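Here is the structure we will look at.
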Amino acid sequence: MDLLERNIKKGDTEEEKARKEEERKEVDEVGERKTKTQDQEPQQQGQGLSLSLANGSARSGMLPMSNPSANPAQLTIFYGGSVCVYDSVPPEKAQAIMLIAAAAAAAAATKSSAATAVKPPMMPTATVAPAAVVSPVLTRSPSLQSTSVATGQPQVVADPSSICKLQADLPIARRHSLQRFLEKRRDRIVSKTPYSPAKSSDGMESPGMEVTAELKAQ
Amino acid sequence: MGGEVPEPRRLSRALSFGCGAVPEEALHLVFCYVDDPRDREAASLVCRRWHRIDALSRKHVTVGFCYAVEPARLLARFPRLESLALKGRPRAAMYGLIPEDFGAYAAPWVAQLAAPLDCLKALHLRRMTVTDQDIAMLVRARGHMLQVLKLDKCSGFSTDALRLVARSCRSLRTLFLEECTIADEGSEWLHELAVNNSVLVSLNFYMTELKVEPADLELLAKNCKSLISLKMSECDLSDLIGFLQTSKALQEFAGGAFFEVGEYTNYEKVKFPPRLCFLGGLTFMGKNEMPVIFPYSAMLKKLDLQYTFLTTEDHCQLIAKCPNLLVLEVRNVIGDRGLEVVGDTCKKLRRLRIERGDDDPGQEEQGGVSQIGLTAVAVGCRELEYIAAYVSDITNGALESIGTFCKNLYDFRLVLLDKQKKITDLPLDNGVRALLRNCTKLRRFAFYLRPGGLSDVGLGYIGLHSGNIQYMLLGNVGESDSGLIQFAMGCTKLRKLELRSCCFSERALAVAVLQMPSLRYIWVQGYRASQTGQDLMLMARPYWNIEFAPPCPESAYRVMADGQPCVDTYAQVLAYYSLAGRRPDCPQWLVTLHPA
């Protein structure tokens, strides 16, 4: 996977980073921006955090630290040597994009045994309403603590095959009304005498099928 | 066009209704023709005057979840309501998945609304806890006016309350108690009803365990000449001969049982009323007793065979005689062959329900229903509006056929049973896409599969083609969080979502909720839950309540209404829009995460 960096600016200039896969159609050359002004470079506040994944084309990137841009909801994506900048991306959409990328990356990582490193999906702290003060603390995978390139660390947060095993645990629930009927039917068969002069059926429809609860003089 | 263009100000005044140009009475009359709640909602936002007129002329309100709004607020908004419907416990309660102490108490509603709502004459409570005291209060306040009382899958009251209703509500046209859990203190309530009421049109205590006297039923039939519908608890059909003879106007009957199976002679004398077109119950009816209904089969519009003992062959034989069926409910013992007969015979069919039979091969004819039967039904019954089916096998082709032929489909529910190891054609991505693309009238959709049944791509298709679907139940779908997010990004009109047995994380659930602009209610059980539900706070926002039942082994000791322990020990999430703030009456096992 190539180096990606995501950058969302909010009113309170909270800094978030994650890695994500490119999903957009247009690709600009590095250095060219769709937006006009110059201060919309990808900016980071605080520690620069850039992680690269080795997948043949290792690419390191430490981005310069400078003040955050004035544009709030801007999304910048680096992918495969190109940069795309999107304005006015609502936070929910941005989170959704990150989640998709993370899950897809994790899925791809498990599938490709040759992958030497997997980027741990990292979710930003969530602030849906800009004024929200509380952000839930999300667990961060250890490799994000460092700023160095992380390689050779297959770290999978979401393992699809094992997760899907969870799914099979829940039995399909039965509706109350049917449940009561089936129980009554069972009780009835148990309590009835086995020698009542009921007519027998005309024969089996097909092997393996049992005729229902009518009493048979067998 | 000569002359000046009128000034904009004057033009708008001429066109505006809000400035006294049109009298109030006229507006009231116009509003009376506006029934759809969404239209009413839009109209009420035009201006204060229209808001007031809507408030005063709104006749019916359905509160989709009783914790979404406080009774007092409803009263202030619609003081002249004539009819109110309230829904309480989540749907999953019908499947034994919600403990009895969940809440949804009728008490605050009755206490605050029964007296002040002067015009109230119809009340419908669904899946709520209703006590004798609540009913007594309702009767005291509204008994003289009450025409419709529907307690639908409710619990907490007894036949004493029914006696009170029977004595005091002499204008009652409809008494509906279907599937309620009622403490049976005697059958006098029915006698009181028969004696005190002469206008009853519909009585329904179907799927209750109440014991009644056939003589009281006959009295009811004699006194209530307009009785059109009776759905009752189990009573041997041979005891109802008198009632059936007396009730000449009856069109719908459900609840007779065949306790003496094999003794057809007991039932020879059963004659149904001449206008009968709906038959249900028929509990334990077998091949030998089936001839009882043959004389009426050609007239039947609705038939419920879910509680019979019929084999596949019996179904074939019976349904072949019913060309006028509009509604058919069966268990999956009907088999593919039976469904082929349905497709050939029941050309007018609108609703088809295929329920899940017994898993035990000793109890039930095995075989079930598959893509063969479903396709036959789709091709044969083009008028279908509602299909609910528990299938043992399925293919994409069958779903495509439904999409091609059943253009009127409004409600589609499919559950893939887990008995058969190998399913012919999975995943169902393409089939479900075809179905959703072609059935443009679809508003309700349920798809319950198994791992591998639907990939992330397929789940994305559901979102993409969700169209105007307002309610969905999804089980065992998708492969990862990515699928859920893609699904959510497509669902613009989805209002209510239920998820079960899925592999999604809490984080993904929260983010997905944020993508769905119309979503006002979500219920989830069986997902990658944490102990605290912390990640759910990602979806915290104003007016959005988040309630969480943590996974814990103690839930194994929770008790259900019938005394059985709660089977399920999995975490649940319930989140919904509410103007009422935090629930004041949460049970101990349900934690309110938001508002804090």
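Cβ separations smaller than 8 Å between residues 6+ apart or across chains give the following pairs from region B:580-594 residues that are touching a residue at least 60 places away in the same chain (Cβ under 8 Å) to residues that are among the charged types (D, E, K, R) and in a strand (DSSP E or B): B:Arg583/B:Glu547; B:Cys586/B:Glu547; B:Leu590/B:Glu547; B:Leu593/B:Glu547. Checking each residue in region B:578-589 for being closer than 17 Å to B:Ala68 by Cα and either of a type in the set (Lys, Arg) or in contact with a Lys or Arg (Cβ under 8 Å, 6 or more places away or on another chain) (or both) picks out B:Leu579, B:Ala580, B:Arg582, B:Arg583. Of the strands (runs of 3 or more DSSP E) that lie entirely inside region B:125-238, those containing 2 or more residues that are acidic (Asp, Glu) span B:229-236. You will find that of A:Pro64, A:Pro72, the residue that is more than 8 Å from chain B (Cβ to nearest Cβ), closer than 26 Å to B:Thr492 by Cα, open to solvent by 10 Å² or more (accessible area, probe 1.4 Å) and modelled with pLDDT under 80 is A:Pro72 and no other.
When restricted to residues that are in contact with a Phe, Trp or Tyr (Cβ under 8 Å, 6 or more places away or on another chain) and surrounded by fewer than 20 Cβ atoms within 10 Å (Cβ to Cβ), region B:128-147 contains 2. The number of residues in region B:465-501 that are under 16 Å from B:Pro90 (Cβ atoms) and within 14 Å of another protein chain (Cβ to nearest Cβ) comes to 7. Do you know which of the residues in region B:256-282 that are open to solvent by 10 Å² or more (accessible area, probe 1.4 Å) and within 28 Å of the chain's Cα centre (by Cα) is nearest to B:Lys231 (Cα to Cα)? So, considering only residues that are open to solvent by 10 Å² or more (accessible area, probe 1.4 Å) and within 28 Å of the chain's Cα centre (by Cα), the one nearest to B:Lys231 (Cα to Cα) is B:Phe278. Filtering region B:554-596 to residues that are modelled with pLDDT under 90 and on the phi > 0 side of the Ramachandran plot leaves only B:Gly563. Here B:Thr62 clears all of (1) more than 24 Å from B:Val148 (Cβ to Cβ); (2) of a type in the set (S, T, N, Q); (3) open to solvent by 40 Å² or more (accessible area, probe 1.4 Å) except the condition numbered (1).
Listed by first and then second residue, the pairs linking a residue in region B:353-364 that is more than 7 Å from chain A (Cβ to nearest Cβ) to a residue that is open to solvent by 30 Å² or more (accessible area, probe 1.4 Å) and modelled with pLDDT of 95 or more, with Cβ atoms under 9 Å apart and 6 or more places separating them unless they lie on different chains, are B:Arg353/B:Glu329; B:Arg353/B:Arg413; B:Ile354/B:Glu329. Taken over region B:504-553, residues that are among the hydrophobic types (A, V, I, L, M, F, W, C), outside any helix (DSSP H, G or I) and modelled with pLDDT of 85 or more amount to 11.
B:Leu374: under 25 Å from the mean Cα position of the chain (by Cα) and in a strand (DSSP E or B), yes or no? No: the conditions fail for B:Leu374. Answer yes or no: is there a residue in region B:235-256 that is among the charged types (D, E, K, R) and under 24 Å from B:Ile319 (Cα atoms). Checked region B:235-256: at least one residue is among the charged types (D, E, K, R) and under 24 Å from B:Ile319 (Cα atoms). In region B:87-124, the residue that is farthest from the other protein chains (Cβ to nearest Cβ) out of those that are crowded, with 18+ Cβ neighbours inside 10 Å, hydrophobic (A, V, I, L, M, F, W, C) and part of a loop (DSSP other than H, G, I, E, B) is B:Leu117.
Evaluating B:Gln306 against the criteria (1) within 11 Å of chain A (Cβ to nearest Cβ); (2) not in a loop (DSSP other than H, G, I, E, B) leaves one unmet condition, (2). Does region B:343-352 contain any residue that is under 28 Å from A:Arg180 (Cβ atoms), open to solvent by less than 50 Å² (accessible area, probe 1.4 Å), touching a strand residue (DSSP E or B) at 6+ places or on another chain (Cβ under 8 Å) and of a type in the set (Lys, Arg)? Within region B:343-352, not a single residue is under 28 Å from A:Arg180 (Cβ atoms), open to solvent by less than 50 Å² (accessible area, probe 1.4 Å), touching a strand residue (DSSP E or B) at 6+ places or on another chain (Cβ under 8 Å) and of a type in the set (Lys, Arg).
Return a yes/no flag: does region B:200-215 have any residue that is at pLDDT 95 or above, under 18 Å from B:Lys302 (Cα atoms), small (Gly, Ala, Ser) and open to solvent by less than 10 Å² (accessible area, probe 1.4 Å). Scanning region B:200-215 turns up no residue that is at pLDDT 95 or above, under 18 Å from B:Lys302 (Cα atoms), small (Gly, Ala, Ser) and open to solvent by less than 10 Å² (accessible area, probe 1.4 Å). Restricting to region B:312-358, and then to whatever is closer than 18 Å to B:Ala389 by Cα and part of a loop (DSSP other than H, G, I, E, B), can you tell me which residue is modelled with the lowest pLDDT? Ranking the candidates gives B:Asp358 first.
Checking B:Gly452, B:Gly403, B:Gly397, B:Gly467 one by one, the residue that is open to solvent by less than 20 Å² (accessible area, probe 1.4 Å) and of a type outside the set (Lys, Arg) is B:Gly403 and no other.
The values are calculated or read from the model by the stated rules, or taken from the named source; none is laboratory data. None of the values given here were measured: they were computed from a predicted structure. We place every Cβ from the backbone using ideal geometry, glycine too, and count neighbours over all the protein chains shown. Ligands, DNA and RNA are excluded from the accessible area calculation, which covers all protein heavy atoms including side chains. Shrake-Rupley method; radii C 1.70, N 1.55, O 1.52, S 1.80 Å.
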